[in-house]
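Below: the structure, in structure tokens.
The values are calculated or read from the model by the stated rules, or taken from the named source; none is laboratory data. Nothing here was measured: the structure is a model prediction, and the numbers come from that model. No Cβ is skipped: glycine too gets one built from the backbone with ideal geometry, and neighbour counts run over all protein chains shown.
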Amino acid sequence: MSDCLFCKIVSWEIPSYKVYENDHVLAFLDIFPINQYHTLVIPKKHSINTFDCEENELIEIMKALKHITKLYKEKLGIENIQIHNNNWKIAQQEVAHTHYHIIPRFEGDEQNVWRTHQQKSHETLKKEHEKLLKKIA
């Protein structure tokens, strides 16, 4: 796509700090990093998000995520990471091109995104589970 920011990075119209590349995937440092070495992994073939991305492209992204995180662990000593993917505006997707974030986590980095909500009761979860299973059956 000619107006897609990430497609322009893939075609080198816009520079990036490349971390990894193969025939299907490009990984580069995020210019708005949450932490040091925050990396974006994208398919070279344009797709809007995970819903739109072809299965084989998602498989290639997962392979790249595994490869990069293994390198970060072995070469940089980073053992704590989060892998994020946002789909559509409400989920905070800012660029309309499928991408996954590798976010290294460090002691004291104060990036606690998981304890901002309350635990649900088993009763509530059971009801939600039953409703979910009926809808996806």
### Task
Determine whether segment 58-72 contains at least one residue that is touching a Pro at 6+ places or on another chain (Cβ under 7 Å) and either of a type in the set (Lys, Arg) or not in a helix (DSSP H, G or I) (or both).
no
#### Entry: Residues within segment 75-134 that are of a type in the set (Lys, Arg) and not in a loop (DSSP other than H, G, I, E, B), tallied
6
### Message
Among (1) assigned to a strand (DSSP E or B); (2) touching an Asp or Glu at 6+ places or on another chain (Cβ under 8 Å); (3) over 25 Å from Glu107 (Cα atoms), there is one condition Tyr20 misses while meeting the rest; what is its number?
### Response
(2)
### Query
All but one of (1) surrounded by 11 or more Cβ atoms within 10 Å (Cβ to Cβ); (2) over 19 Å from Glu21 (Cα atoms); (3) modelled with pLDDT of 90 or more; (4) not hydroxyl-bearing (Ser, Thr, Tyr) hold for Glu57; which doesn't?
(2)
### Among (1) of a type outside the set (Gly, Ala, Ser); (2) touching an Asp or Glu at 6+ places or on another chain (Cβ under 7 Å); (3) free of Cβ contacts under 8 Å to residues at least 12 places away in the same chain, the one test that Thr39 misses
(3)
## Note on the structure
Residue set Asn112, Asn85; condition polar (S, T, N, Q), under 20 Å from Pro33 (Cα atoms) and touching a residue at least 24 places away in the same chain (Cβ under 8 Å); output residue Asn85
### Summary
Of the candidates Ala91, Ala27, the one satisfying the condition of being within 13 Å of the chain's Cα centre (by Cα) and under 23 Å from Ser2 (Cβ atoms) is Ala27
### Message
I'd like to check something: does segment 97-116 contain any residue that is surrounded by fewer than 16 Cβ atoms within 10 Å (Cβ to Cβ) and at positive phi?
### Response
yes
### Message
Considering only residues that are within 18 Å of Ser47 (Cβ to Cβ) and surrounded by 14 or more Cβ atoms within 10 Å (Cβ to Cβ), which ones fall in segment 22-33?
### Response
His24, Val25, Leu26, Ala27, Phe28
### Task
Say whether the condition of being of a type in the set (S, T, N, Q) and either within 30 Å of His24 (Cα to Cα) or in contact with a helix residue (DSSP H, G or I) (Cβ under 9 Å, 6 or more places away or on another chain) (or both) is met by at least one residue in segment 106-119.
no
### Query
Only one of (1) free of Cβ contacts under 8 Å to residues at least 60 places away in the same chain; (2) surrounded by fewer than 14 Cβ atoms within 10 Å (Cβ to Cβ); (3) more than 16 Å from the chain's Cα centre (by Cα) fails for Ser16. Which number is that?
(2)
